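K.L.:
Here it is, the structure, as structure tokens.
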């Protein structure tokens, strides 16, 4: 099982749930619980169909992902300091290209999702803060378990995912390092141009 692809697709398929102050202590973990249920129900009996039809697979993922993944917050975290100096046009283009890159890289990983591999641990974070972490373990083929920590952000009264750490390794940090040297050697525009060429991404109007 490709654990990184499996976890990334699990994390970007999370529910965006509105919260109130009274509910805030439990909602973050319910986001992850909802994601596991959603993927399990959506894939039931469809894995062969989706494996044979890339367009259907992308449509399935897109229907789950768009309303539930904080694309802007994740893109800003990936670009880091470059986000602060980017124009609105650059930000919009990067958000779309980054999102399409995730889909392109990890689409097949969703077919490896198996509900019984995921163990959601008791929530011990602080849901009153802007960001929080929900911890899980994922069982591998050999029976061993690896820690997978999901980071959520609460914006506009909704919890959404933006990062995942697998055995302490952050996907956001990995992407930031990957793009940083390229931006330095070329430019942010050049990086966005490359991502758009590779994915056919078009920025939202």
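K.L.:
If you check 164, 202, which single one turns out to be out of contact with any strand residue (DSSP E or B) (no Cβ under 7 Å at 6 or more places or on another chain) and either modelled with pLDDT under 90 or in a helix (DSSP H, G or I) (or both)? Step through it out loud before you land on a result.
P.N.:
Values: 164 fails: out of contact with any strand residue (DSSP E or B) (no Cβ under 7 Å at 6 or more places or on another chain).
Step by step, each of 164, 202 is checked, and only 202 is out of contact with any strand residue (DSSP E or B) (no Cβ under 7 Å at 6 or more places or on another chain) and either modelled with pLDDT under 90 or in a helix (DSSP H, G or I) (or both).
K.L.:
Give 84, 71 a once-over and let me know the one that is modelled with pLDDT of 80 or more and within 17 Å of residue 160 (Cα to Cα).
P.N.:
Residue meeting the stated conditions: 71.
K.L.:
In addition: Looking only at region 150-161, count how many residues are surrounded by 18 or more Cβ atoms within 10 Å (Cβ to Cβ) and touching a strand residue (DSSP E or B) at 6+ places or on another chain (Cβ under 7 Å).
P.N.:
Keep residues of region 150-161 that are surrounded by 18 or more Cβ atoms within 10 Å (Cβ to Cβ), which gives 150-154, 158-161.
The next check asks that each one be touching a strand residue (DSSP E or B) at 6+ places or on another chain (Cβ under 7 Å); those that pass are 150-153, 158-161.
Residues in region 150-161 being surrounded by 18 or more Cβ atoms within 10 Å (Cβ to Cβ) and touching a strand residue (DSSP E or B) at 6+ places or on another chain (Cβ under 7 Å): 8 in total.
K.L.:
Looking for whichever is surrounded by 16 or more Cβ atoms within 10 Å (Cβ to Cβ) and either farther than 25 Å from residue 178 by Cα or under 15 Å from the mean Cα position of the chain (by Cα) (or both) here; the options are 56, 52, 77. Which one fits?
P.N.:
Working: 56 fails: surrounded by 16 or more Cβ atoms within 10 Å (Cβ to Cβ); 52 fails: surrounded by 16 or more Cβ atoms within 10 Å (Cβ to Cβ).
Criteria check complete, one pass: 77.
K.L.:
Please work out if residue 100 is touching a residue at least 60 places away in the same chain (Cβ under 8 Å), surrounded by fewer than 16 Cβ atoms within 10 Å (Cβ to Cβ) and not in a strand (DSSP E or B).
P.N.:
no
K.L.:
Could I ask something else about it? Can you tell me which of (1) more than 15 Å from residue 69 (Cβ to Cβ); (2) not in a loop (DSSP other than H, G, I, E, B) is the one residue 153 doesn't meet?
P.N.:
(1)
Results for (1) in a helix (DSSP H, G or I); (2) at pLDDT below 75; (3) under 19 Å from residue 103 (Cα atoms), shown as yes or no for each residue.
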position	(1), (2), (3)
6	yes, yes, yes
11	yes, yes, yes
14	no, yes, yes
23	no, yes, no
31	yes, yes, no
41	yes, no, no
55	yes, no, yes
60	yes, no, yes
63	yes, yes, yes
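Listed here are the residues, each with its yes/no results for (1) assigned to a strand (DSSP E or B); (2) surrounded by 19 or more Cβ atoms within 10 Å (Cβ to Cβ).
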position: 92; (1), (2): no, no
position: 138; (1), (2): yes, yes
position: 147; (1), (2): yes, no
position: 193; (1), (2): no, no
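K.L.:
Within the bounds of region 118-131, is there any residue that is buried (at least 18 other Cβ atoms within 10 Å of the Cβ) and out of contact with any helix residue (DSSP H, G or I) (no Cβ under 8 Å at 6 or more places or on another chain)?
P.N.:
No, every residue in region 118-131 fails to be buried (at least 18 other Cβ atoms within 10 Å of the Cβ) and out of contact with any helix residue (DSSP H, G or I) (no Cβ under 8 Å at 6 or more places or on another chain).
K.L.:
Report, by residue number, each residue of region 167-184 that is farther than 18 Å from residue 119 by Cβ and not in a helix (DSSP H, G or I).
P.N.:
Residues satisfying the conditions are 169, 170.
K.L.:
Another question, then. Considering every residue within region 103-112, establish whether at least one is surrounded by 18 or more Cβ atoms within 10 Å (Cβ to Cβ) and outside any helix (DSSP H, G or I).
P.N.:
No, region 103-112 contains no residue that is surrounded by 18 or more Cβ atoms within 10 Å (Cβ to Cβ) and outside any helix (DSSP H, G or I).
The values are calculated or read from the model by the stated rules, or taken from the named source; none is laboratory data. On a predicted model such as this, the values are computed, not experimentally measured, just so you know. Cβ atoms come from the backbone with ideal geometry, glycine included; neighbour counts cover every protein chain shown.
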